[in-house]
Amino acid sequence: MKKYFIKYILEFFVIVTGISISFWINEWDNNRLNRDKELYFLKGLKSDLEKQLNSLNEFNTFSNKTIKYGASILEYYSKYKTLSKADSLNFKLSRLMYSRSYPDINTTFNELKSTGQFNLFKEKFMASKIIKYYQDSETYGKRLTKNTDLVYYNEIFPIIKSSIIIDPNNFGYENEKINLLEIDKSVKTILNTSEKEFDLVNAISLRIVVAKTNQSYIQIMINEAKSLLDTLNNELDKH
């Protein structure tokens, strides 16, 4: 009887040990898979963020140029009370017709959001910081788009377009056979009334305001992008 009792005890321990080892192996394997998934998302988020940060900086540079061209025209007008002799007026006005859309690069975040795997991140603050960044990005992106669509294209673009000669060479298309002679003289003819000139000055002023407003949104996201990128890099260094 004692012999069978010992046998059953040994079998029990073998079974329990086997189950425990099996659970441990499964847990180890799941943890390994989760670490791999976490690393995948961290690298993807970093790559997207670096691309977006580069685009945000380019947008910032574009805004500075827009403001520079607009301000130079207004400075001339403030001094001479007319645009009739302003240097390179048609070229500068052509540059003010350019616009840029918000650089929304969120492929990895959308994948992460659709799978709902934010719990993969060991550092719990990581998920909330990532979510906040992309929520802010969406918010400021919508504000910028609204300014561009409702203010720039509706109020500013038509006035500037009607005040210039569309020269393809001013928009990066170089062709020696296209030579629109006496463009500046033609523009002065277009702006042959004080009312027309006044409308243009107002449009340029509003263009600067829109550019500065959108630039403030971009600068906020540049700062947030740098902060999140530092956090991602610190987390990746741990892997």
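I'd like the FRET efficiency for LYS196 and ASP149, computed as 1/(1 + (r/R0)^6) with the beta carbon distance as r and R0 of 30 Å, rounded to 0.05. Present the calculation step by step, with values, prior to reporting the outcome.
On the way: r = 25 Å, r/R0 = 0.84.
Plugging the Cβ-Cβ distance into 1/(1 + (r/R0)^6) gives 0.75.
Summary of the geometry: the range 36-63 and the range 98-127, compared by the centres of their Cα atoms, lie 10 Å apart. Taking a probe of 1.4 Å, how large is the accessible area per residue of the range 50-101, in Å²? Here the residues of the range 50-101 average 55 Å² of exposed surface.
Computed from the Cβ-Cβ distance with R0 of 25 Å, the FRET efficiency linking GLN135 to ASN233 stands at 0.70.
Of the solvent-accessible surface of the range 30-136, computed with a 1.4 Å probe over protein heavy atoms with every protein chain present, carbon and sulfur atoms account for 49 percent.
With respect to the cross-link table entries LYS65/LYS132; LYS51/LYS129; LYS65/LYS146, which display a Cα-Cα separation exceeding 28 Å?
Where the Cα-Cα span goes over 28 Å, the pairs concerned are LYS65/LYS132.
The values are calculated or read from the model by the stated rules, or taken from the named source; none is laboratory data. Owing to the predicted nature of the structure, the values given are computational and were not obtained by experimental measurement. Here Cβ is always computed from backbone atoms with ideal geometry, including for glycine, and neighbour counts include all displayed protein chains. For the accessible areas, the whole protein counts, side chains as well, though only heavy atoms, and no ligand, DNA or RNA atoms are used. Shrake-Rupley method; radii C 1.70, N 1.55, O 1.52, S 1.80 Å.
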